[in-house]
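The values are calculated or read from the model by the stated rules, or taken from the named source; none is laboratory data. Because the structure is a prediction, the values reported are computed rather than measured. We place every Cβ from the backbone using ideal geometry, glycine too, and count neighbours over all the protein chains shown. Keep in mind that these areas ignore ligands, DNA and RNA; they rest on the heavy atoms of the full protein, side chains included. Shrake-Rupley method; radii C 1.70, N 1.55, O 1.52, S 1.80 Å.
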Amino acid sequence: MSRTLETLRFDNTYARLPEAFYAKLNPTPFEQPPYLVSFNPDAAALIDLDPAEAERPEFVGVFSGSLLVPGMEPLAMLYAGHQFGVYVPQLGDGRAILLGEVRNECGEKWDLHLKGAGRTPFSRDGDGRKVLRSAIREYLCGEAMHGLGIPTTRALCVVGSDDKVYRERVETGAMLLRMAPSHVRFGTFEVFYYRRQHEHLKRLADYVIEQHFPHLLKAEDRYARFFQEVVTRTAQLIAQWQAIGFAHGVMNTDNMSILGLTLDYGPFGFMDDYDPGFICNHSDHNGRYAFDRQPYIGLWNLSCLAQALLPLAAKEALKAALDTYEATLNRHYWALMRAKLGLERSRPEDETLIQDLLALMQAGRVDYTICFRTLGDFVTVSPSGKGNRPGADSALRDFFVDRDAVDAWARRYAARLRDEDSEDAERRRRMNRVNPKYVLRNYLAQRAIEQAQQKDFSEIDRLLTVLRDPFTDRPGMESYAAAPPDWGKRLVVSCSS
Ligand code: AMP
Ligand code: MG
């Protein structure tokens, strides 16, 4: 059944928690008239919202903070967090407001979280706003990650306005309607732990378990088991980031979702050329959140959460859960990487085979996404009779400067594939379902942003079309799969948003 804005079914569970958990307040509308920048019907479907609703002026009114619909109970959530390794006692939604929680026909609950909705008691020195550039990046990346099968927040729409917002330069503001089953973060637990408000801590844990881990409700050791599930989800999430070549950029504990979702898209980046030390956040001078440090940082962040749960669970049980992290992440990562190579069985030598390919890619500055996609065309049986040089018919060789090294690797790969009777065409189909053709490269986002700043929003929709289903070749849209042009390689993305 499709619903209108006025008939959305709200079930505001967070607003029922003690007042110490949030500050109730309404969004601050823009001063200049708001306009719809982009609408995502896929996200509308999650809350049973009729996509035709996006055409009503009320839609823009609601998602630019000037109109509330029945059932909304806006609030800013309190949290704290470790930022770049340092505990910051109070953060909270400084520029976002939870308008309410919608329950859909299937019983799933979705937070409607309006980002850029104005100052809140948690804004500190900030203006409570979000600039158009960062709203578009977050909007696109949530859908891109979802298309890739990676757990993430989603987004319903971006609404812009000509209100001036001051960052390194003057920009215009925008609001993003973000959706997730929950916006509780590691830092939501930390704030009550460090304030020694253990009753609130327990209340939060009970709430999260009841809402999102109901199968644990009756367990005596439910807090430890809940933590174990967060460890597993986080390990799996980060394994997915590593396999796809995604760097989050700001893995502070306040940006870590309790549900293992990719949360808070700021200076994130998909790798172009393979570089394990890739730092996507220009403000991250020490590379704390460099690509290859993400697995370790995930563990570090989980240790912070474990610390915060000490009043609720036995130290040994929390420690035991933490100890499973590395193995879970590795198991998941290598399984994903084997699938990227089209290997169906697991062999001890696989890790070396994969690592050697990555080393070749790093040495040759080869594009990560394009290289894996092209690997799908690898042939063990050469139609042109060059069968003694496996892979010779594929474009793969052309990416590498050191042809002898890549040929030697290709011989090992071909032998490994023959060993499991891999059939070229069937393997290609399988590989093309895990090696995306399209990822949200910075330069693609930048092009859409620059056009949007000129009030042409069409590029956002075109990008969404390829990112929604990034594994399917789209005739006429090949350019979206291209490596960045020179200007696109030099783009700088900082925390400022
Ligand atoms: P982020 O880096 O976006 O994860 O934000 C870290 C913290 O700073 C959160 O508490 C945000 O709500 C807050 N924050 C970021 N930008 C602003 C802003 N422009 N105004 C108010 N608070 C902000
Ligand atoms: Mg954040």
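Quick notes on this one:
- Cross-chain or 6+ apart pairs with Cβ under 6 Å, segment 40-52 first and over 22 Å from C141 (Cβ atoms), then hydroxyl-bearing (S, T, Y) and open to solvent by 10 Å² or more (accessible area, probe 1.4 Å): D48/S2; D50/S2
- Selection count where residues are under 29 Å from M72 (Cβ atoms) and away from ligand 2 (no atom under 12 Å from the Cβ), scope segment 82-105: 10
- Selected residue (only one of A415, A408, A452, A481 is away from ligand 1 (no atom under 16 Å from the Cβ) and under 24 Å from L156 (Cα atoms)): A452
Every residue, every condition in (1) open to solvent by less than 10 Å² (accessible area, probe 1.4 Å); (2) without any contact (Cβ under 8 Å) to a residue 60 or more places away in the chain, yes or no:
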| site | (1), (2) |
| --- | --- |
| R119 | no, no |
| G142 | yes, no |
| R154 | no, no |
| Y166 | no, yes |
| L176 | yes, no |
| M179 | yes, no |
| V191 | yes, no |
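- Residue in segment 165-178 that is within 18 Å of I258 (Cβ to Cβ) and assigned by TED's automatic domain parsing to the domain that holds L112 present: yes
- G245 more than 16 Å from ligand 2 (Cβ to nearest atom), within 24 Å of the chain's Cα centre (by Cα) and open to solvent by 10 Å² or more (accessible area, probe 1.4 Å): no
- G65 surrounded by 17 or more Cβ atoms within 10 Å (Cβ to Cβ) and within 15 Å of ligand 1 (Cβ to nearest atom): yes
- Within segment 438-460, the set of residues being closer than 22 Å to F246 by Cα, in contact with a Phe, Trp or Tyr (Cβ under 8 Å, 6 or more places away or on another chain) and in a helix (DSSP H, G or I) comprises N442, Y443, L444, I460.
- Search result, residues across segment 146-196 that are basic (K, R) and not in a strand (DSSP E or B): R167, R169, R195, R196
- Selection count where residues are more than 9 Å from ligand 1 (Cβ to nearest atom) and either closer than 18 Å to S38 by Cβ or touching a Ser or Thr at 6+ places or on another chain (Cβ under 6 Å) (or both), scope segment 79-100: 1
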